[in-house]
Every structure is written in C-alpha cells, then in structure tokens.
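**Q** One structure coming up, written as structure tokens, with questions to follow.
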Amino acid sequence: MSDTTTAPPPGAPSDRIIDEPLSEALSRRYLAYALSVITDRALPDVRDGLKPVQRRVLYAMREMRLNPDAAARKCAKVVGEVMGGYHPHGDQSIYDTLVRMAQDFAQRYPLVDGQGNFGNIDGDNPAAMRYTEAKLTAAATLLLDGIDEDAVDFKPTYDGQDEEPVVLPTGFPNLLANGSTGIAVGMATSIPPHNAGELIDACLALLTNPDASTADLMAHVKGPDFPTGGVIVEPARSLLETYETGRGGVRLRAFWEKEETGRGTYQIVVTQIPYQVKKADLVEQLAQLIEDKKAPLLGDVRDESAEDVRLVLEPKSRNVEPEVLMESLFKLSDLENRFSVNLNVLDARGTPGVMGLETVLKAFLDHRRDVLVRRARHRLAKIEARLHILDGLLIAYLNLDEVIRIVRYEEDPKAKLIEAFELSELQADAILNTRLRQLARLEEMELRREHADLTEERDGIVGMLASDKAQWQLVGAGLRQVKAALGDQLNARRSIFADAPEVDAEAAIEAMIVREPITVILSDRGWIRAAKGRVDDPSELKFKEGDKLAFLVAAETTDKLLIFASDGRFFTLACDKLPSARGHGEPLRLMIDLDDRVGIVDVFVHRPGARRILAGKEGYGFILPEAEAIAFRRAGKQVLNGAALVSLPLRDGDDQLAVIGDNGKVLIFPVSELPEMPRGKGVKLQSYREGGLRDATAFAEADGATWIDTAGRTHQWDAWREWSGRRAGAGKLTPKGFPATKRFRPK
C-alpha cells in the first residue's frame with residue numbers, strides 16, 4: 001500500500017470545515033445574534049421612536065394609501081403586505097404590533113385607526129386579523145409627512161426587490177410621546193408616554209436657549225402622561241434625577257373619588273387605573289384580598305364599567321376614612337404600581353445608549369433639521385428644473401414667429417431650435433410639446449408670474465440653506481403647526497400630579513381588629529396556633545405524637561409576633577391571622593420561608609420602643625431596637641450576621657450583662673459597652689480559645705445577679721462582682737453550685 005494520501009477534490013465537504021476554537025465560534029455568532037436583536041427588534045430609534053416592525057407597518061399602510069380620509073382595509077391584507085415586502089417574520093408578531101398601535105389605552109397617540117375588536121383594557125385579546133380593519137391616523141401622517149421628498153434615507157428590503165425607509169421624517173417627538181418597551185440581549189428599554197404638546201414646548205425652549213438644563217425643560221415636561229390617566233405621586237426631585245440620567249421610575253396611582261350613598265355611608269369610585277394594569281385582573285386581585293382577609297378595611301368590590309372605567313369599592317365600615325382605605329389598597333394591590341424608566345435607544349448611527357431628556361429632544365431636533373434641509377434641497381432641485389423649462393418657454397414666446405417657422409419648415413425642428421436660441425434638449429422638447437391654445441397672451445403672462453414666484457421661492461430656499469438660524473426658525477415654525485394640528489383634545493394632559501398623603505394605614509387596620517387575649521403556642525416541630533384567652537397549665541396542651549411544647553407566648557390579637565431564627569433572620573406575623581388552636585395548628589414553615597435545618601431561637605410579642613440584646617455563637621453581639629426587626633415578608637429580615645444564639649429583652653434598669661462560654665468561664669460587663677445597631681455582627685463579648693458562647697443574661701446592678709437551676713429554683717449570686725471585667729475578656733470559671741448545663745436559665 002502506498003504511503004501517499006490523496007487530497008479530496010475541490011468542493012468536497014472537507015473544504016467547508018473551519019478549524020477554530022469552539023468558544024470563539026460561539027461568541028462571534030452569539031454577538032451577531034445579539035446585535036441583530038438590539039438594532040432590528042427591541043430598541044427604538046431616537047429620531048422617530050419606532051422599532052423596525054412598527055416603521056414597516058406604517059410605511060406599508062402608506063404605500064397601500066390607507067390615509068385617514070380613505071376607507072379601511074382588512075388587517076390581514078396589511079399584515080400580508082408587510083410580511084411579503086418588508087418584514088420577513090411571523091404574521092402574528094406583525095399583527096400584534098399593528099394592534100398595539102391602534103389601542104388608545106396603550107398608545108398616548110394611536111398611529112393606527114382600528115375598526116373592529118382590537119382588545120380592551122380588561123386584557124381581552126383582539127379579534128383575528130381577518131375580522132378587523134385598519135387605516136392610518138392623523139398622527140401617523142405627521143410621522144410620514146415628506147417621505148416622498150427625499151427627507152430620509154432608504155435601504156433595500158430583505159429580498160432586494162424594493163426599498164424601505166431607514167427612519168421616518170417624524171413631525172413630533174414620537175419616542176417620548178408614545179413611549180416604548182422592549183427586551184434585547186443584555187439590555188432593555190422602558191420609556192413612558194408623554195404629552196406631545198409639552199414635548200413640543202420643551203423643544204421650542206431648546207431652540208430659544210440651546211443651553212437649557214433638564215430642570216428648565218421640566219418646566220414644560222413635568223412628567224409622563226399616560227393614556228389611561230392616573231395620579232403620579234413620584235417626588236419632583238426623583239423625576240428630575242430620572243430625566244437627567246435616563247434611568248429611574250414613576251409611581252402611578254389610580255384616580256378615585258368619594259361618592260355619598262346616604263345615611264352616613266359612602267363608596268369609592270375608581271375611574272382611572274394605572275398604565276398597563278388589566279382591569280379584570282385588578283378586580284380579581286381585590287376580590288382575592290377580601291377572601292384572604294388581607295384587606296380588612298375593604299368590604300366589597302364591583303366592576304360597573306361600560307365604555308369608561310368605573311370600579312366601585314365599598315368600605316368594611318362607614319367609620320373607615322376613605323384616604324386610609326385607599327392607602328391600604330395602594331400597598332396591597334395594583335391600584336398603585338411603579339413604571340420603570342430606562343431611556344435606552346439607538347442613536348442616529350445605530351449605537352445603543354441611555355439618554356436623558358435633554359439629549360433625546362436635541363437628537364429629535366437635529367433630525368427635524370436634517371429633514372428640513374433635505375426637503376428644501378429636493379424642492380430646490382424641482383424649482384431649478386421648472387425654471388429651466390420656463391426660461392425656454394419664455395424664449396419661445398419672445399420669438400414666437402421664428403419658432404413657428406422653424407417648426408413648420410425645418411426637417412429637424414428640435415436641432416434647429418437648439419441651435420437658433422441656445423436651448424437645451426429639455427427646453428426644446430417643452431417648446432415642441434406646447435399646444436397652440438397655450439400660445440395665447442394670457443398663457444405668457446401666467447408663465448411669467450410662475451417664473452417670478454419660483455424665482456422668489458428659490459432665493460428664499462438658498463438663503464435658508466445658507467443660514468443655520470433660519471433653519472432652526474423653520475423647525476420651530478413646523479413644530480408649532482404640528483401642535484396646532486394635534487388639537488386641544490390630544491394636547492390635554494390625562495395624568496395629574498399629587499403628593500401621597502401621610503396616612504397610618506397600619507394603625508387603621510389594627511383599629512378594625514377586635515382586641516382579645518390569646519396564647520401563641522409553637523411546638524418543637526414547628527406547628528403554630530393561637531388559643532383564645534390565657535393558657536394557665538401548659539401540661540394540658542396536646543401535640544402530635546413525638547412533638548412537644550417549644551414556646552408559649554401570651555399576646556393579643558392586635559399584636560405583632562416576632563420570630564428569631566438561628567440564621568439571624570427575624571420574621572413578623574400578625575397575631576389575628578394565626579391559625580386557631582382547635583386543632584394542632586399549621587406548620588410555621590408554610591407561612592414563612594424557613595429551611596428545615598434552621599431552628600427557632602426566640603418567639604416574643606413586639607412592644608413599641610423595646611430593645612433586645614442579640615448575640616451569636618461566635619461571641620459577638622449588639623443591642624437591637626425591636627422596631628428594626630419588623631418586616632412582613634416571607635423571606636424575613638436579616639438582622640444578625642452569623643449563627644444566632646441569644647435573644648434577651650433589655651428591661652428598664654438592666655445595666656449589666658453576664659455571658660458564659662462553652663469553656664465554663666463567666667464574664668460580666670456593663671451593657672453600655674454594647675453598641676445599638678439595626679443590623680450587623682456586633683462587637684466581641686467574650687474571648688475563647690476553643691468553643692464559643694453558651695448563654696447570656698442581663699440584670700440590674702441594684703437587684704444583683706441570679707441563676708435558675710434545672711429544678712426551677714432561683715439562686716442569688718451575691719459575689720457576681722468578682723467576675724466583672726471589660727468586654728471581650730476571657731472571664732473566670734463558674735462559681736460553686738452553678739448548673740452543669742452552663743446556662744443561667746434552663747433551655
């Protein structure tokens with residue numbers, strides 16, 4: 001057999017194999033995909049505020065001549081035109097885009113006039129595209145105005161058979177007027193709608209003072225203007241920061257009014273709900289809060305909406321203040337939400353970036369100036385061409401007899417005309433195409449008048465193109481015309497601004513709870529229940545087989561129960577919502593996010609103004625104000641860093657702290673050496689060569705120290721001062737008779 005190998009023929013599969021590291025191949029291809037999503041799908045252009053699919057829908061509808069004064073066409077026809085000529089993606093994504101541009105509750109200035117079922121604020125889906133019809137709105141024509149006058153660049157469509165605009169001329173700041181949302185690869189955009197009249201006023205202010213700050217612009221653009229209205233309660237300082245940086249958020253509440261129903265009773269009527277909140281889901285959410293008893297101030301909810309929103313909320317009692325009721329519902333439901341603001345857009349070069357209000361408006365104005373200049377140059381070329389023809393026709397009128405002779409007797413009248421009067425071919429053709437009736441005197445006068453008018457217009461355009469100031473003046477005049485075209489109805493603000501009232505909704509909710517004594521029972525295996533009244537004899541309590549009592553806490557239904565876990569977290573439960581003691585209760589771990597491996601260190605009732613000493617196994621601790629531990633979250637609140645071991649109430653007069661380690665050494669030092677902190681690890685209490693903290697107790701110097709043995713007998717510790725020292729010391733061995741468990745109290 002020969003040792004030589006035969007090379008594969010050209011075009012064989014081995015010629016298409018590329019030898020490169022897999023990581024480089026994947027990263028390059030994923031980067032190409034990411035850029036495609038960012039530039040061609042998710043992010044809008046700062047100039048016209050549109051994504052490619054939106055731009056293609058509007059341009060295709062214009063090419064179909066679906067103008068506001070024309071008859072509407074089936075949406076299926078529009079979708080087919082867009083998909084076949086401009087957008088090589090699924091028909092459903094195109095139809096969803098068309099539908100959204102037609103929804104007046106989604107768009108501040110709808111760009112599509114939809115006829116048929118285009119969905120509603122309840123969240124119902126639109127009808128199929130074969131049933132609905134659409135055409136452009138007047139606002140859409142403002143975006144498309146001048147597109148036939150070389151106002152913008154065009155690029156080949158995906159199949160190369162046609163052209164589509166790179167950007168629309170855009171008569172008003174559509175990016176901020178209608179807003180935009182989108183999720184790309186590694187970035188997203190979230191832009192709320194605004195009032196176009198206010199945006200135009202801000203643009204005019206920029207034209208007057210190019211150095212205007214964001215604060216100056218916000219004298220005109222006070223904040224978003226949502227199509228569904230609502231009340232914006234975001235502080236002005238926060239809005240200013242959002243518009244300066246391009247990132248932030250806007251708190252939006254439902255608009256409500258109080259209606260008297262007679263005999264001292266009333267009801268709340270909600271007529272505007274937050275943007276992008278589905279009304280049907282909101283009603284269901286409020287009803288679920290009533291059923292779950294999480295909204296004790298709310299008695300009933302009804303949806304009486306027709307064309308306008310009308311949600312009726314009935315209070316549980318007529319003694320409940322309407323402001324208190326609504327503040328509680330704002331915290332519990334989507335009657336208040338927060339719209340995230342992220343002004344992440346593509347600039348004129350297609351580069352993504354986050355922009356502030358000033359940058360966005362300046363980019364729009366620069367685009368309008370470019371459109372103005374391009375349209376002017378296009379018009380100038382048309383005028384020059386027409387004046388060229390008129391010059392030839394006027395020469396013919398001045399030499400009419402000679403022109404007639406040449407046309408009648410010469411074999412090649414066109415060439416003879418060019419030679420005799422130094423005309424161009426276009427001028428000669430225009431003369432030869434002139435009808436006999438147009439040789440009248442009146443026609444000559446009309447041509448001279450047209451020539452004078454076009455000459456004056458040409459001179460004006462040339463002067464404008466040579467003057468930046470004149471260009472910006474025309475941009476401003478155009479914006480004023482657009483504002484007038486939008487009309488007072490569209491320019492009227494829908495969302496209003498207000499300050500959130502200072503209302504203690506928690507106190508009002510507690511006031512609605514009947515105050516009764518209860519006893520909280522927590523078993524060793526984590527089953528919790530609340531027995532009415534006081535449990536005097538714990539031995540009478542019954543538990544599941546193998547279970548026993550762990551904590552017994554006297555409380556009232558209006559109290560807050562604090563649970564301290566061994567991982568340093570505090571959990572808060574409302575005592576009125578604890579399960580009844582008729583059975584064995586419910587597992588505590590179903591109410592809070594507590595792992596089976598995490599134990600319970602302490603359970604107690606929160607008292608306003610109270611403080612506690614917390615310490616961990618490593619021997620570090622601090623003083624915690626109990627109010628810092630409250631958090632009605634399933635995940636609780638991390639307060640102590642490390643493995644928690646000790647939770648001591650700090651009573652009035654307690655000024656000494658005694659600690660004991662696993663090594664059997666006791667150290668006593670003043671409580672004043674401990675810092676008061678809301679969270680953290682704390683400071684070192686005692687030093688250990690091995691082991692860690694075992695127990696601690698606080699006492700008043702005047703009362704003296706004590707310990708309790710395993711039999712429950714209290715022992716007075718008269719010589720406790722011999723164990724006094726400075727914090728973080730090693731301490732001394734326990735006194736004679738101290739429990740072998742090395743604890744001040746039985747566990």
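The values are calculated or read from the model by the stated rules, or taken from the named source; none is laboratory data. Note that this is a predicted model, so its numbers are computed, not measured. Glycine gets a Cβ as well: all are built from the backbone with ideal geometry, and neighbour counts include every protein chain shown.
**Q** Quickly run through the stretch 708-747 and pick out the residues that are hydrophobic (A, V, I, L, M, F, W, C), more than 20 Å from Pro670 (Cα to Cα) and not in a loop (DSSP other than H, G, I, E, B). Don't jump to the end; show me each part of the working.
**A** As a first pass, look at the stretch 708-747 and keep what is hydrophobic (A, V, I, L, M, F, W, C): 708, 711, 717, 719-720, 723, 728, 730, 733, 738, 740, 744.
Cutting the leftovers down to more than 20 Å from Pro670 (Cα to Cα) gives us 708, 711, 738, 740.
Answer for the stretch 708-747, where residues must be hydrophobic (A, V, I, L, M, F, W, C), more than 20 Å from Pro670 (Cα to Cα) and not in a loop (DSSP other than H, G, I, E, B): just Ile708.
**Q** Assuming Trp256 fulfils every condition listed in (1) crowded, with 20+ Cβ neighbours inside 10 Å; (2) touching a Ser or Thr at 6+ places or on another chain (Cβ under 7 Å) apart from one, which condition is it?
**A** (2)
**Q** Then there's this: If the requirement is being of a type in the set (A, V, I, L, M), assigned to a loop (DSSP other than H, G, I, E, B) and modelled with pLDDT of 90 or more, which of these qualifies: Val320, Val309?
**A** On the way: Val320 fails: modelled with pLDDT of 90 or more.
When all the criteria are applied, what remains is Val309.
Residues are listed down the side, and each one gets a yes or a no for (1) buried (at least 18 other Cβ atoms within 10 Å of the Cβ); (2) touching a helix residue (DSSP H, G or I) at 6+ places or on another chain (Cβ under 6 Å); (3) under 17 Å from Asp145 (Cα atoms); (4) assigned by TED's automatic domain parsing to the domain that holds Asn433:
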residue	(1), (2), (3), (4)
His367	yes, no, yes, yes
Arg374	no, no, yes, yes
Arg377	no, no, yes, yes
Leu380	no, yes, no, yes
His388	no, no, no, yes
Leu393	yes, yes, no, yes
Tyr397	yes, yes, no, yes
Asp401	no, no, no, yes
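**Q** Another one. Of the numbered conditions (1) among the hydrophobic types (A, V, I, L, M, F, W, C); (2) surrounded by fewer than 24 Cβ atoms within 10 Å (Cβ to Cβ); (3) under 30 Å from Glu358 (Cα atoms); (4) in contact (Cβ under 8 Å) with a residue 60 or more places away in the chain, Leu143 fails exactly one; give the number of that condition.
**A** All conditions pass for Leu143, except number (2).
**Q** Which residue pairs have Cβ atoms under 8 Å apart, sit 6 or more places apart or on different chains, and have a first residue in the stretch 542-556 that is surrounded by fewer than 13 Cβ atoms within 10 Å (Cβ to Cβ) and a second that is outside any strand (DSSP E or B)?
**A** The qualifying pairs are Lys542/His584; Lys544/Arg525; Lys544/His584; Gly546/Arg525; Lys548/Asp524.
**Q** Of all the residues that make up the stretch 475-493, how many are assigned to a loop (DSSP other than H, G, I, E, B) and either at pLDDT 95 or above or under 20 Å from Leu361 (Cα atoms) (or both)? Outline the logic, then answer.
**A** Taking the stretch 475-493 and keeping what is assigned to a loop (DSSP other than H, G, I, E, B), we get 492-493.
Still in the running and either at pLDDT 95 or above or under 20 Å from Leu361 (Cα atoms) (or both): 493.
Residues meeting the conditions: 1.
**Q** Could you tell me how many of the residues in the stretch 503-519 are at pLDDT 90 or above and surrounded by fewer than 18 Cβ atoms within 10 Å (Cβ to Cβ)?
**A** Initial filter on the stretch 503-519 (at pLDDT 90 or above): 517-519.
After this cut, where a residue has to be surrounded by fewer than 18 Cβ atoms within 10 Å (Cβ to Cβ) as well, the list is 517.
Of the residues in the stretch 503-519, 1 are at pLDDT 90 or above and surrounded by fewer than 18 Cβ atoms within 10 Å (Cβ to Cβ).
**Q** Here are some conditions: (1) buried (at least 24 other Cβ atoms within 10 Å of the Cβ); (2) within 16 Å of the chain's Cα centre (by Cα); (3) within 15 Å of Val360 (Cα to Cα). Ser190 meets all but one. Which one does it not meet?
**A** For Ser190, the failing item is (1).
**Q** Determine the pairs where a residue that is crowded, with 21+ Cβ neighbours inside 10 Å, located within the stretch 84-96, has a partner that is of a type in the set (D, E, K, R) with Cβ atoms under 8 Å apart, the partner being 6 or more residues away or on another chain.
**A** Tyr86/Arg56; Tyr86/Asp162; Tyr86/Glu164; His87/Arg56
**Q** When the stretch 158-183 is examined, which residues are found to be surrounded by 16 or more Cβ atoms within 10 Å (Cβ to Cβ) and either assigned to a loop (DSSP other than H, G, I, E, B) or of a type in the set (Asp, Glu) (or both)?
**A** Glu164, Val166, Val167, Leu168, Pro169, Thr170, Gly171, Phe172, Pro173, Gly179
**Q** Moving on to the next point. Here are the criteria: (1) more than 22 Å from Leu380 (Cα to Cα); (2) among the hydroxyl-bearing types (Ser, Thr, Tyr); (3) part of a helix (DSSP H, G or I). Tell me which single one Thr455 does not satisfy.
**A** Here Thr455 clears every test but (1).
**Q** All but one of (1) modelled with pLDDT of 95 or more; (2) assigned to a loop (DSSP other than H, G, I, E, B) hold for Ala500, so report the exception by its number.
**A** Going through the list (1) modelled with pLDDT of 95 or more; (2) assigned to a loop (DSSP other than H, G, I, E, B), Ala500 breaks only (1).
**Q** Please give the helices (runs of 4 or more DSSP H) falling wholly within the stretch 43-113 in which 1 or more residues are among the β-branched types (Val, Ile, Thr), under 23 Å from Ile191 (Cβ atoms) and touching a Leu at 6+ places or on another chain (Cβ under 7 Å).
**A** Details: elements: 52-63, 75-85, 91-102.
By residue number, 52-63.
**Q** Name the single residue that is modelled with the lowest pLDDT among those in the stretch 345-364 being touching a helix residue (DSSP H, G or I) at 6+ places or on another chain (Cβ under 6 Å) and surrounded by 15 or more Cβ atoms within 10 Å (Cβ to Cβ).
**A** Filtering the stretch 345-364 for residues touching a helix residue (DSSP H, G or I) at 6+ places or on another chain (Cβ under 6 Å) gives 350, 352, 356-358, 361.
Within this subset, residues satisfying the condition of being surrounded by 15 or more Cβ atoms within 10 Å (Cβ to Cβ) are 352, 356-358, 361.
Details: Pro352: 91, Gly356: 95, Leu357: 96, Glu358: 95, Leu361: 96.
Residue satisfying both the conditions and the ranking: Pro352.
**Q** Given the conditions (1) assigned to a helix (DSSP H, G or I); (2) surrounded by fewer than 18 Cβ atoms within 10 Å (Cβ to Cβ); (3) in contact (Cβ under 8 Å) with a residue 40 or more places away in the chain; (4) not charged (D, E, K, R), which single one is not true for Gln288?
**A** Of (1) assigned to a helix (DSSP H, G or I); (2) surrounded by fewer than 18 Cβ atoms within 10 Å (Cβ to Cβ); (3) in contact (Cβ under 8 Å) with a residue 40 or more places away in the chain; (4) not charged (D, E, K, R), only one is false for Gln288: (3).
**Q** Here's a follow-up. Leu465 versus (1) surrounded by 15 or more Cβ atoms within 10 Å (Cβ to Cβ); (2) modelled with pLDDT under 90; (3) among the aliphatic types (A, V, I, L, M): which is the lone unmet condition?
**A** With (1) surrounded by 15 or more Cβ atoms within 10 Å (Cβ to Cβ); (2) modelled with pLDDT under 90; (3) among the aliphatic types (A, V, I, L, M) applied to Leu465, the lone miss is (2).
**Q** Given the residues Gly476, Gly463, Gly487, which is the only one that is at positive phi and small (Gly, Ala, Ser)? Give the derivation first.
**A** Values: Gly476 fails: at positive phi; Gly463 fails: at positive phi.
The match here is Gly487.
**Q** Here is a further query. Please go through the stretch 480-491 and give me each residue that is closer than 19 Å to Ala219 by Cβ and out of contact with any Gly (no Cβ under 8 Å at 6 or more places or on another chain), ordered by number.
**A** Pass one, the stretch 480-491, residues closer than 19 Å to Ala219 by Cβ: 480, 483, 491.
Hit for the stretch 480-491 is Arg480, nothing else.
**Q** Here is a further query. Look through Val250, Val221 and report the one residue that is among the β-branched types (Val, Ile, Thr), touching a residue at least 40 places away in the same chain (Cβ under 8 Å) and assigned to a loop (DSSP other than H, G, I, E, B). Before you say what the answer is, go through the steps one by one.
**A** Working: Val250 fails: assigned to a loop (DSSP other than H, G, I, E, B).
Among Val250, Val221, only Val221 is among the β-branched types (Val, Ile, Thr), touching a residue at least 40 places away in the same chain (Cβ under 8 Å) and assigned to a loop (DSSP other than H, G, I, E, B).
**Q** In contact with a helix residue (DSSP H, G or I) (Cβ under 6 Å, 6 or more places away or on another chain) and not aromatic (Phe, Trp, Tyr), is that true of Leu175? Quick ask: steps written out before the conclusion?
**A** Numbers: in contact with a helix residue (DSSP H, G or I) (Cβ under 6 Å, 6 or more places away or on another chain): no; not aromatic (Phe, Trp, Tyr): yes.
Considered against the rule, which asks whether it is in contact with a helix residue (DSSP H, G or I) (Cβ under 6 Å, 6 or more places away or on another chain) and not aromatic (Phe, Trp, Tyr), Leu175 comes out as no.
**Q** Do you know which of the residues in the stretch 233-247 that are free of Cβ contacts under 8 Å to residues at least 60 places away in the same chain and among the charged types (D, E, K, R) is surrounded by the fewest Cβ atoms within 10 Å (Cβ to Cβ)?
**A** So the residue we want is Arg237.
**Q** So Leu439 passes all but one of these: (1) of a type outside the set (D, E, K, R); (2) over 60 Å from the mean Cα position of the chain (by Cα); (3) under 19 Å from Lys382 (Cβ atoms). Which condition number does it fail?
**A** Only one criterion is unmet by Leu439, namely (3).
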